[in-house]
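S.K.: Have a look at the structure that comes next, please.
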Amino acid sequence: MIKHIQGLHHVTSIASDPRANNAFFTGPLGLRRVKKTVNFDAPDVYHLYYGDEVGTPGGVMTYFPFPNAVRGRPGGGEVGTTRFSIPRGTARAWADRLSGSGVTASESTGPFGETLLSFSGPDGDAFALVESDDPRDPWTGGGLSADMAIRGFHSALLRPRDNGATEELLRFMGYEEVDRRNGVLRLAIGGGNAANVIDVETLPAADWAAQGAGSVHHIAFSVKDRQTQDAVRKALTDTGYRVTPPIDRDYFWAIYFRTPGGILFEVATDAPGFDRDEDRAHLGETLKLPRQHEHLRAQLERDLQPIGE
Ligand code: ZN
């Protein structure tokens, strides 16, 4: 079994309009845009990162906004819901805040007894806020006080289309069963980061999801450094997974592999982090380009749609 996974690192989804995407995460959700860069494989498309002050792993929501993207169709073989953690007793105030921005949120009790506030992102993205005791320091520069602001990810609900192979994979990755209710398995990593919970709803017969705007593209798990990433890669490869070589993503190193249930997993290093090329006070303000795309800067600055602060 793998011992090095610490919990979630980031979740990357697809959006349509980059301006609406930026406005939603930095406005109602009160997150900080910690990086404005471009997709490594499609440099004419932004890659936007939102999180706490420095983009601490375990709370980084990232987007590829393709302006003409067609909306995705939910189904099996994808991450169903991405959940952020909020302080206890704040769901009602959050519902009011979201409603003030035209976002309808519905409060419910989750299968494991937690208070959930469910809502959709600008492209129909499935999100929830979960009340929990979470020790992480929130970003308070986005207009939300510390007694209300998002702490980072609480968990994600995976909806693999398989017969339990993704559950087995997560156990192999160090996750342990906490509970199973209403067809949902809750797993957690002991001693991990604060985003150490994964829920799995296995759907062997569901229609496959169609990926598009509002869909999660991949979900990334955190490891400390490249050495532990190599150990994880070897363990996965030895078990039969086809894992990419480590890829330099400027702010972390990444390896990717697909689960038997159709979900793209990434394992990403915590280092070097989002302040490697920008002063912490000004993270996410200017367009940063991967070195290989720097020669396109003039063209990209002209063609990429302005997204606001
Ligand atoms: Zn990623």
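The values are calculated or read from the model by the stated rules, or taken from the named source; none is laboratory data. Here the structure is a predicted model, which is why all the values come from computation and not from measurement. Heads up, the Cβs are rebuilt from the backbone with ideal geometry, glycines too, and the neighbour counts pull from every protein chain shown. Each accessible area value is taken on the protein alone, full model and side chains, heavy atoms only, with ligands, DNA and RNA left out. Shrake-Rupley method; radii C 1.70, N 1.55, O 1.52, S 1.80 Å.
S.K.: Work out the length of the dipole vector of segment 15-75 about its Cα centre, built from +1 on the beta-carbon of each Lys and Arg and -1 on the beta-carbon of each Asp and Glu, and round it to the nearest 20 debye.
M.R.: Result for segment 15-75 is approximately 140 debye, rounded to the nearest 20.
S.K.: May I ask you to rank E176, E309 by accessible area, largest first, using a 1.4 Å probe over the protein chains only?
M.R.: Highest to lowest solvent-accessible surface, that is E309, E176.
S.K.: Once Rh is set to the Kirkwood radius over Cα pairs, what Stokes-Einstein translational diffusion coefficient, in µm²/s, holds for the chain at a temperature of 20 °C and a viscosity of 1.002 mPa s?
M.R.: Rounded, D is 110 µm²/s.
S.K.: Turning to a different aspect of this structure: In whole Å, largest first, what are the principal axis extents of the Cα atoms in segment 1-55?
M.R.: If we take the Cα atoms of segment 1-55, the spans are 42, 29, 18 Å.
S.K.: Quantify how much of the Cα-Cα distance distribution of segment 237-309 extends past 17 Å, in percent.
M.R.: Every Cα pair in segment 237-309 considered, those over 17 Å come to 62 percent.
S.K.: Same structure, new question: Mind listing P(r) for segment 125-201? All alpha-carbon pairs, 5 Å bins, whole percents.
M.R.: Taking all Cα pairs of segment 125-201, the binned fractions are 3, 14, 22, 22, 16, 11, 7, 4, 1 percent.
S.K.: If you place +1 on the Cβ of every Lys and Arg, -1 on the Cβ of every Asp and Glu, and leave all else neutral, what size is the dipole of the chain about its Cα centre, to the nearest 20 Debye?
M.R.: That gives the chain a dipole magnitude of about 280 debye.
S.K.: Compute the distance from the alpha-carbon center of segment 202-216 to that of segment 267-284, in whole Å.
M.R.: Spelled out, the Cα-based centre of one part sits 31 Å from the other.
S.K.: Return, ordered by residue number, the residues of segment 48-68 whose backbone nitrogen is under 17 Å from a label point located 7 Å along Cα→Cβ of Q305.
M.R.: Residues passing the 17 Å test: 48-49, 63-68.
S.K.: What number, in nm² with one decimal, is the all-direction average of the projected area of the convex hull of the alpha-carbon atoms of segment 36-167?
M.R.: The Cα convex hull of segment 36-167, projected and averaged over all directions, gives 9.8 nm².
S.K.: OK, next. Using the 2.2 N^0.38 Å rule of thumb for compact globular proteins, work out how segment 1-114 stacks up: its C-alpha Rg over that value, please.
M.R.: Its radius of gyration relative to the 2.2 N^0.38 Å reference: 1.18.
S.K.: Also, quick follow-up: Ignoring ligands, DNA and RNA, what percent of the 1.4 Å accessible area of segment 165-309 is carbon and sulfur?
M.R.: Carbon and sulfur atoms account for 49 percent of the accessible area of segment 165-309.
S.K.: I need the Kirkwood Rh of segment 154-309: take the reciprocal of the average 1/r across all distinct C-alpha pairs and report it in angstrom.
M.R.: When all Cα pairs of segment 154-309 are included, the Kirkwood radius is 17.9 Å.
S.K.: Summing -39500 (n - 2.57) over the DSSP H runs of n ≥ 4 in the chain and dividing by its residue number, what mean residue ellipticity at 222 nm do you reach, to the nearest 500 deg cm²/dmol?
M.R.: -4500 deg cm²/dmol
S.K.: How would you order 23-36, 278-291 from highest to lowest mean count of nearby Cβ atoms within 10 Å?
M.R.: So the order, starting with the most tightly packed, is 23-36, 278-291.
S.K.: So for the chain, if I pair up every lysine 8 or more residues apart or on another chain, how many of those pairs have alpha-carbons under 25 Å apart?
M.R.: 8
S.K.: Solvent-accessible area of V184, probe 1.4 Å, all protein chains present, reported in Å² to the nearest ten, please.
M.R.: Looks like 20 Å² after rounding.
S.K.: Here is a further query. Could you calculate the contour length gain from R242 to D147, that is, 0.36 nm times the residue separation minus the distance between their Cα atoms, to one decimal place in nm?
M.R.: 29.8 nm
S.K.: A follow-up question, please. Enumerate the residues in segment 153-175 having an amide nitrogen under 11 Å from the point lying 7 Å beyond the Cα of A206 toward its Cβ.
M.R.: Counting backbone N atoms under 11 Å from the label point, the list is 157-162.
S.K.: Still on this structure, please answer the following. Given the convex hull over the Cα atoms of segment 173-251, what projected area results after averaging over all orientations, in nm²?
M.R.: Over every viewing direction, the Cα hull of segment 173-251 projects on average to 7.7 nm².
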